[in-house]
Amino acid sequence: MMTPSKMPAANGKISVAPSILSADLWRLGEEVQKVQKAGADWLHIDVMDGHFVPNLSFGPSVVSSLKGKTDLPLDVHLMVEEPMLFVEPFANAGADLLTVHIEAKDEIPAVLEVIKKLGIKAGVSIKPNTDPGVLEPLLDGLDLILVMSVYPGFGGQIFLPESEGQIKRVRDLIVRSGRNIWLEVDGGINPQTAPLAVQAGADALVAGSAIFKAADPVLALKQIRQAAPDI
């Protein structure tokens, strides 16, 4: 389980979470070891069901294969239509944090309650065109809010300029709530866009292509870290 000591706060350490969606799956173990040694904070695992987004990716077996092989907390992002079906299998597989989409079909408060009962951290994600105000009733049960800075479903997309305003609005909600909630940003994060996300209020950054598709993933991760110093 992810311990409270690993939980960054607003105005604290910026966390970098490489997304294995862009990793070389033939050498996944090596890829994970590289980013862990380079100073990654979490490992981001994108789960897609082919319905909520037009793509398929990882199942619980990938999470269970990583659990215990890496010291990095496993940050699982469920881009699925019916998250209630996926919560328990991924929790049992070893997820440390489960994030579901507010736009999914299931009743999200009920999903979050199940996640919490399973003893792991709970997050909610919003798409770029979703009003952050819908998050307000959920804040008391959240450990993380994930702002998508691209439309979910595929890696390698470009950071949407309007994302800065979205991140600022979510940060304002968190500050007003008085809760210690991570604000994670995912989509088009690289050394150029990382400072924009952090300045807008992010304290956790997901990066896939910018790290794993780089000629030197270790250097790429360090460059993102250097571009987005702690706030």
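Selection within the range 113-133: residues that are in a helix (DSSP H, G or I) and open to solvent by less than 20 Å² (accessible area, probe 1.4 Å). The member of this set that is farthest from Glu184 (Cα to Cα) is Ile115. Just to be sure, is Glu136 closer than 23 Å to Ala104 by Cα and surrounded by 20 or more Cβ atoms within 10 Å (Cβ to Cβ)? So Glu136 fails the test.
Among the residues of the range 99-155, the one identified as of a type in the set (A, V, I, L, M), touching a Lys or Arg at 6+ places or on another chain (Cβ under 8 Å) and touching a residue at least 60 places away in the same chain (Cβ under 8 Å) is Leu144. The number of residues in the range 164-200 being open to solvent by less than 10 Å² (accessible area, probe 1.4 Å), within 16 Å of Leu135 (Cα to Cα) and not in a helix (DSSP H, G or I) comes to 5. Selection of first residues in the range 43-61 that are within 17 Å of Ser125 (Cα to Cα) and of second residues that are open to solvent by 50 Å² or more (accessible area, probe 1.4 Å) and of a type in the set (Phe, Trp, Tyr), restricted to Cβ pairs under 9 Å at least 6 apart or on distinct chains, gives the following pairs, ordered by first then second residue: Val47/Phe86; Asp49/Phe86; Val53/Tyr151; Val53/Phe154. If you check Thr99 against the conditions, is it among the hydroxyl-bearing types (Ser, Thr, Tyr) and surrounded by fewer than 17 Cβ atoms within 10 Å (Cβ to Cβ)? For Thr99, the condition - among the hydroxyl-bearing types (Ser, Thr, Tyr) and surrounded by fewer than 17 Cβ atoms within 10 Å (Cβ to Cβ) - is not met. Return the residues of the range 30-66 that are surrounded by fewer than 13 Cβ atoms within 10 Å (Cβ to Cβ) and either at pLDDT 95 or above or of a type in the set (Asp, Glu) (or both); say none if nothing qualifies. Correct list: Glu30, Ser61.
Here Pro18 meets the list (1) within 19 Å of Asp186 (Cβ to Cβ); (2) modelled with pLDDT under 95 almost entirely, failing just condition (2). Against the condition closer than 17 Å to Phe212 by Cβ, in contact with a His (Cβ under 9 Å, 6 or more places away or on another chain) and surrounded by 14 or more Cβ atoms within 10 Å (Cβ to Cβ), how does Ile108 come out, does it pass? The answer is no for Ile108.
The values are calculated or read from the model by the stated rules, or taken from the named source; none is laboratory data. Since the model is a prediction, treat every value here as computed from it, not as a measurement. Don't worry about glycine lacking a Cβ; one is built from the backbone with ideal geometry, like all the others, and counts go over all protein chains shown. Only protein heavy atoms, including side chains, enter the accessible area calculation; ligands, DNA and RNA are left aside. Shrake-Rupley method; radii C 1.70, N 1.55, O 1.52, S 1.80 Å.
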